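Structure first, commentary second.
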Amino acid sequence: MTTSPAAGQTSGPADLHLRPTVEVRYWAGARAAAGVEVDTVAGSTVAEAIEAATALRPGLAPVLPACSFLVDGQRRDTAAPLVDGARVEVLPPFAGG
Amino acid sequence: MPETSNAEPGRVALCAVREEALSADEVLAAVADPACGGVVIFHGLVRNHDDGSGVESLDYSAHPQASTELERVCREVAERHTGTRIAAVHRVGALALGDAAVITAAAAAHRGQAFEACRDLIDTLKAQVPIWKHQRYDDGRDSWVGLP
């Protein structure tokens, strides 16, 4: 069986280039743990985006399991799919009152 | 007439997230109604200790959608408690010990409905409105409340 030179074959981690580029914005204690307000990462789901964010900001690791997420302003779980330019917001546990 | 008002959906009389000091008088005036004979008001104050440590100062911050979320919470609580008038105000920014961080109130024809609605309002607010609290302790430590 011969291999034909398919598009995308040239770069090894081709799927990295296919993953949407998204913005991850940290709030309150998550911002303190990350040390920055916002990161740009690749991820096709919320889970992938926060995994990429944790690789950049190891301080987030203990904090993220307690957080909830917004995607473009709407509450979403970690399985939610992302499109290019999506904005993921990381919300630590609420502590009003 | 009171029987009629009991069957109506609850109403949101006041709902706000703000930096200015909170006023119990404002909240009580907002929920006041001639048909309501019972008013319950809850004050959440900055206390001088938490989790065994002395608290020195405290900062509340809110997500830009916090006001919208508080409005939703108030509407939902009002729907659950027919015949009530409810109000909720939450302060953000730097607060001193003893300052009111939140005031909720519920007025109803009778006390039982007012107690239930006020309790539901403060509990739901705390669980669902994206507001965060950063505490500084008298031993120099600081923490984001609720964060692992």
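The values are calculated or read from the model by the stated rules, or taken from the named source; none is laboratory data. What you are looking at is a predicted structure, and each value in this text was computed from that prediction instead of being measured. Note: ideal-geometry Cβ built from the backbone for every residue, glycine included; neighbour counts use all protein chains shown. These accessible areas exclude ligands, DNA and RNA; they are computed on the full protein's heavy atoms, side chains included. Shrake-Rupley method; radii C 1.70, N 1.55, O 1.52, S 1.80 Å.
Filter the range A:69-97 for residues that are more than 9 Å from chain B (Cβ to nearest Cβ) and in contact (Cβ under 8 Å) with a residue 40 or more places away in the chain and give the result.
Restricting attention to the range A:69-97, the residues satisfying the condition of being more than 9 Å from chain B (Cβ to nearest Cβ) are A:69, A:71-72, A:74-88, A:90.
Result: A:L82, A:V83, A:D84, A:G85, A:A86, A:R87, A:V88, A:V90.
Select from the range B:6-29 the residues that are open to solvent by less than 50 Å² (accessible area, probe 1.4 Å) and under 17 Å from A:G97 (Cβ atoms) and list them in ascending order. Give the steps one after another, and end with the answer.
Step one: of the range B:6-29, the residues open to solvent by less than 50 Å² (accessible area, probe 1.4 Å) are B:6, B:10, B:13-17, B:22-24, B:27.
Passing the criteria: B:L14, B:C15, B:A16, B:V17, B:L22, B:A24, B:V27.
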Testing B:A127 on (1) away from chain A (no Cβ under 13 Å); (2) out of contact with any Gly (no Cβ under 7 Å at 6 or more places or on another chain), one condition comes back false. Which one is that?
(1)
I'm told A:A66 meets every condition in (1) within 12 Å of another protein chain (Cβ to nearest Cβ); (2) among the hydrophobic types (A, V, I, L, M, F, W, C); (3) open to solvent by less than 30 Å² (accessible area, probe 1.4 Å) except one. Can you identify the failing condition by its number?
(3)
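Residues to consider are B:C15, B:C36; find the one that is touching a residue at least 60 places away in the same chain (Cβ under 8 Å), touching an Asp or Glu at 6+ places or on another chain (Cβ under 6 Å) and more than 23 Å from B:S143 (Cα to Cα). Steps first, answer last, please.
Working: B:C36 fails: touching an Asp or Glu at 6+ places or on another chain (Cβ under 6 Å).
Among B:C15, B:C36, only B:C15 is touching a residue at least 60 places away in the same chain (Cβ under 8 Å), touching an Asp or Glu at 6+ places or on another chain (Cβ under 6 Å) and more than 23 Å from B:S143 (Cα to Cα).
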Do we have B:A88 as within 12 Å of chain A (Cβ to nearest Cβ), open to solvent by 10 Å² or more (accessible area, probe 1.4 Å) and among the hydrophobic types (A, V, I, L, M, F, W, C) here?
no
Here are some residues: B:S67, B:S61, B:S143. Which one is among the small types (G, A, S), farther than 25 Å from A:L64 by Cβ and either more than 9 Å from every other protein chain (Cβ to nearest Cβ) or assigned to a strand (DSSP E or B) (or both)?
B:S67
B:V12 in contact with a Leu (Cβ under 8 Å, 6 or more places away or on another chain) and not polar (S, T, N, Q):
no
For B:H134, which of the numbered conditions (1) away from chain A (no Cβ under 12 Å); (2) touching a residue at least 60 places away in the same chain (Cβ under 8 Å); (3) not in a helix (DSSP H, G or I) fails to hold?
(1)
